[in-house]
Amino acid sequence: MAVAVLLGLTMATSAGAQALDPQATEALASTLKMLIDPSQRSAAIAGSPQATAIDQQIRSLTGSEALTQEFFALAADVFQEMTVATGGDADKMLQALDGARSNPSGFAATLSPATLERLRALSVQISDQKR
């Protein structure tokens, strides 16, 4: 489930940041490590046919291992921001995903400036590679 949520990318803000309890902090750290570490990510993806299909779509989109790694690093940043902003509330996180699907520009406006810049840069790199 975490992989599907992360691959979809979600909203994040620092303005409404909430403190995480110790369990949520530990779960966040594990998820971020899984996203950033290719071997852990591969193991998590291999356990789910849905995640495998999404991973294949991402790899097709990015076109290179380096851009795939950057995609997942960006996903980790977005997930961390969103988790803090929602206090780790899974329902709020899923609501954010639903909102992002219907209003991508609204979603983008909620990202921190640094994360938004990384998203823009990755978009340009992917677009340039496809030419």
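Since every read-out is calculated from the coordinates, none of them should be taken as a lab result. Model, not experiment: these values are computed from the prediction. Cβ: placed from backbone, ideal geometry, glycine included. Neighbour counts: every protein chain shown.
What per residue convex hull volume, in Å³, comes out for region 20-130 when only alpha-carbon positions are used? The partial results should precede the final answer.
Details: hull volume 12.6 nm³, N = 111.
Enclosed volume per residue, from the Cα hull, is 113 Å³.
Show me the helices of the chain, taken as full DSSP H stretches, that run 27 Å or more along their long axis by Cα and average 0.0 or above in Kyte-Doolittle hydropathy. Display every interim value, and only then the final one.
On the way: long enough: 65-86 (31 Å, 0.55).
Span-like helices, by this rule, are 65-86.
In a Gaussian network model over the chain where Cα atoms closer than 10 Å are linked, find which of Gly99, Gly63, Gly47 has the largest mean-square fluctuation.
Comparing Gly99, Gly63, Gly47 in the GNM, the peak value goes to Gly47.
As a footprinting exposure proxy, order Asp98, Asp55 by other Cβ within 10 Å, with the fewest listed first.
Details: Asp98 10, Asp55 20.
Result, fewest neighbours first: Asp98, Asp55.
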